[in-house]
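Quick notes on the structure that follows.
The values are calculated or read from the model by the stated rules, or taken from the named source; none is laboratory data. A quick note: this is a predicted structure, and the numbers were derived from the prediction, not measured. We place every Cβ from the backbone using ideal geometry, glycine too, and count neighbours over all the protein chains shown.
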Amino acid sequence: MSTRRDGVSEVSASSRLSETRAVRALRAPHNWVQLAKFCAVGGSGYVINLAIYAALLGLGAHTAAAISFVVSAANNYWWNRHWTFRGQRGGFALQGMRFLVVSLAALGVNQLWLLLFLDVAGLGKIVSQAIAIVLVTPLNFIGNKLWSFRSRG
């Protein structure tokens, strides 16, 4: 933001452009369809994640969370690549690497939420993981839509 001589702030051209792009994105029906598909895929990943997490709790909550996250991320990558973002097919390896980077960032945030919920708030292990997954979902969607599976051109 810049300031005029009279002290009044002006919105920069790039800020107006971003707002315009954001508004256009919110009005585009295909983005809402993609979000619904992403949530359906995420729902399957959520079930897989929690089932594996519960089965592996004997290894410790954080270790179980890491393993269950990797398995559910592999499931989500396959479904998102072949269904959610089908029209944005790029190179398998490049999209996979980007998806992995987004997933690792999400895993890091997931682990921080677990630390907060388990160790600070004293919530139960399954409840903590369930909440952490939900809180990480927006990061996953935005990272994958805008980077992992972005349209070329």
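What to note about this one:
- Test result for TYR46, modelled with pLDDT of 90 or more and in a helix (DSSP H, G or I): no
- Selection status of SER128, in a helix (DSSP H, G or I), within 17 Å of the chain's Cα centre (by Cα) and of a type in the set (Ser, Thr, Tyr): no
- Answer from ALA73, ALA36 - the residue that is among the hydrophobic types (A, V, I, L, M, F, W, C), under 16 Å from the mean Cα position of the chain (by Cα) and closer than 19 Å to LEU112 by Cβ: ALA73
- Residue check, VAL109 within 19 Å of GLN34 (Cα to Cα) and surrounded by 13 or more Cβ atoms within 10 Å (Cβ to Cβ): no
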